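Everything below concerns the one structure shown next.
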Amino acid sequence: MGMWFASGERQAGRIMQQLQGTVVESVRSVSNYEAALANVATWQKAEHAAGREGGDLRSLTPAQAVAYLEQRGETVGQKTLDQERQAIQLMQQHVTGHLAQGERLPVIKSEQQQVLGSRAYTPAQISAISDRQTDKNALATQIAHAAGLRAHEILTLRRADERPADVRPTRDEKFAVRQGERYTVVGKGGLCRE
């Protein structure tokens, strides 16, 4: 029990260094997975201190991962649980070899009920915001709201004939009620969409 382990953050950081740029390209994903793996490492350390199986992050077996996810599912929502499962899965596929390529950990359902509510601003909120902005910024806010854009996406707005949308399945009725020129934006994750 006197075994010394690197901090969870350092263990997670070392593992993500191996995955960054090859398996995981997005800087945000690297950061999220690193935080997820740090949580797993902390759990591993506590398991070891309690005299149960434990160890460092690299010694985590698929069975221990499932035990962790089941325990974690009692306190966190589904999105967090899924992200931690994906981080462990990537580590076990590409770093430790505990899972074969394409082999997956089972999806564990969170016991936490997620309150689903719209995060979109109401027209009254948009009006209150744009009333306090310069004319230029108020116009950008109103366009973003009307078109369903994130704030940073308005900077990528281009006519569709200048930059076509990425090819992907879409419903025919998507723009059936709208008239006018088509535009594209580059959204979260680099996807170009109308």
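The values are calculated or read from the model by the stated rules, or taken from the named source; none is laboratory data. Just so it is clear, the structure is predicted and the values come from calculations on it, not from any experiment. So basically every Cβ, Gly included, is an ideal-geometry build from the backbone, and we count neighbours across all protein chains shown.
Looking at Glu34, is it under 30 Å from Leu191 (Cα atoms) and charged (D, E, K, R)? Here the answer is yes, as Glu34 does meet what is asked. The single condition among (1) surrounded by 13 or more Cβ atoms within 10 Å (Cβ to Cβ); (2) not assigned by TED's automatic domain parsing to the domain that holds Ala124 that Arg168 does not satisfy is (1).
The set of residues from the stretch 94-127 being free of Cβ contacts under 8 Å to residues at least 60 places away in the same chain, surrounded by 14 or more Cβ atoms within 10 Å (Cβ to Cβ) and in a helix (DSSP H, G or I) comprises Ile126, Ser127. The condition (being charged (D, E, K, R), assigned to a helix (DSSP H, G or I) and modelled with pLDDT of 85 or more) is satisfied by just one residue among Glu153, Glu181, Glu173, Glu162: Glu153. Only residues that are in contact with a Phe, Trp or Tyr (Cβ under 7 Å, 6 or more places away or on another chain) and among the polar types (S, T, N, Q) were counted in the stretch 113-157, giving 0.
Condition check ((1) modelled with pLDDT under 90; (2) more than 16 Å from Leu57 (Cβ to Cβ); (3) of a type in the set (Val, Ile, Thr)) across all residues:
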site: Trp4; (1), (2), (3): yes, no, no
site: Ser7; (1), (2), (3): yes, no, no
site: Gln11; (1), (2), (3): yes, no, no
site: Arg14; (1), (2), (3): yes, no, no
site: Gly21; (1), (2), (3): yes, yes, no
site: Ser26; (1), (2), (3): yes, yes, no
site: Glu34; (1), (2), (3): no, no, no
site: Leu37; (1), (2), (3): no, no, no
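Of all the criteria given as (1) more than 30 Å from Lys188 (Cα to Cα); (2) assigned to a loop (DSSP other than H, G, I, E, B); (3) acidic (Asp, Glu), the one not satisfied by Glu47 is (2). Within the stretch 171-194, the residues that satisfy the criterion of being in contact (Cβ under 8 Å) with a residue 24 or more places away in the chain and either surrounded by fewer than 10 Cβ atoms within 10 Å (Cβ to Cβ) or not β-branched (Val, Ile, Thr) (or both) are Tyr183, Gly187, Lys188, Gly189, Leu191, Cys192, Arg193, Glu194.
For the stretch 51-59, the criterion of being within 19 Å of Glu34 (Cβ to Cβ), in the same structural domain as Ala38 (by TED's automatic domain parsing), out of contact with any Pro (no Cβ under 8 Å at 6 or more places or on another chain) and modelled with pLDDT of 90 or more is met by none of the residues. Filtered by the rule that a residue be buried (at least 16 other Cβ atoms within 10 Å of the Cβ) and in a helix (DSSP H, G or I), the stretch 68-81 gives Tyr68, Leu69, Arg72, Gln78, Thr80, Leu81.
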